[in-house]
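Okay, structure first, notes after.
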Amino acid sequence: MKTNTTASTTSDVLRTSDQEEKYERLLQDALKRGKQLALKKADPDRPGLQNLLENGDEFMDKVVDAVIAATQGLCVSDEFANEEVASTRTYPRTFHGLHQIKEQIVDLAKKLGLDPKDALAYAENVLPGLKLANPREGSVAIMSLAGLEKLVPDQADFGWRFVKGVELLIAKNNEVHPKGMYNWRSGEMDPKHLRMNARIKAAFEKLAETQKGDILIVPAAQLGMLHRGRSVRRARKAQVANEFGLGCIGCLSVTLTHTERLSDSSELDMDTGDDFSPDAGGDFSKSPHVYFNGDEAKFDARDVSDAHDFFGLASGFLP
């Protein structure tokens, strides 16, 4: 049976001003209610309340921590919560973590023929000062949409440009991986089968507002561990507000600079979060993934409702 899925929209990743205003009013109402209940239940005497006031910074920190925890917890939908299985899969033993970000930038630029200048400047001057609520496993360098246009200049249509860019990244991975990368979907690489997920595209565009050039830095990312055992659509629902799937471009950029990430048949593999239609009929019920099997890396797609212990959505976080 086909799964009826709808692509995420830009508003899923970019909050509206109306939402933020309502959230602010909600916080104000909670503060009023909290004050009344706290004074009634805690019933502090004059010296006790004075002691709290003298420790205002600590009090403020505790309140802020509680607000953040409640916001993060209640932003996560419980839809498709049954599409999770236990997983003990880990990254390959040969993968010792993300490389230094400047090393990634130079490596990616060299392998794809991109200009690293802007990304290196961002890594030097901006990245160290960012406040990251979701540090996860580290920063990753990925091809930007500007870089995609540079490498696929003959495609004016974004859908075709994206597909051709993914094919190019698979071909480059095939060159650098010890046994190559096999594309199980080689006969289905067109916009009717494969498209960039709307939430992911919006995140790329958001990052590009403050980053110029051929390469984007995702300040905080994780390569599947956070969502291991979840179906793709469950992982999408479990994402926090500033989180997005790395997509085909992001995942294939990472595997291009970290060939050791795909090197063991027992490893945890990566769902990309992009959209794939198995019959090219508009039903994007699958999502591409990259994995290692036998002795080579592979690119394929699986049903968004399939929860498997071998897979986890790779994702990034907006600062």
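Worth a mention:
- Modelled this way, with points 7 Å down the Cα-to-C-beta line, the labels at ILE68 and THR88 are 3.3 nm from one another.
- Residue of GLU260, GLU21, GLU79 that the Gaussian network model of the chain assigns the largest fluctuation, springs spanning Cα pairs under 10 Å: GLU21
- Computed [θ] at 222 nm, helices only, for the chain once each DSSP H run of length n ≥ 4 contributes -39500 (n - 2.57): -13000 deg cm²/dmol
- Furthest towards positive pole of dipole, LEU31, VAL290, VAL166, structure part the chain, Cβ charges: LEU31
- The chain: most fluctuating residue of PHE158, PHE204, PHE59 per GNM, C-alpha cutoff 10 Å: PHE59
- Screening the chain for DSSP H helices whose Cα atoms reach 24 Å or more along their own axis and whose mean Kyte hydropathy is at least -1.0 gives 56-75, 158-176.
- Within region 101-317, DSSP assigns beta bridges of which about 75% are antiparallel (rounded to the nearest 5).
All of the numbers you see were taken from the coordinates with simple rules; none came from a lab. The model shown is predicted, which means the values in this text are computed figures rather than measured ones. A quick note on method: Cβ atoms are made from the backbone with ideal geometry, for glycine too, and the neighbour counts reach across all protein chains shown.
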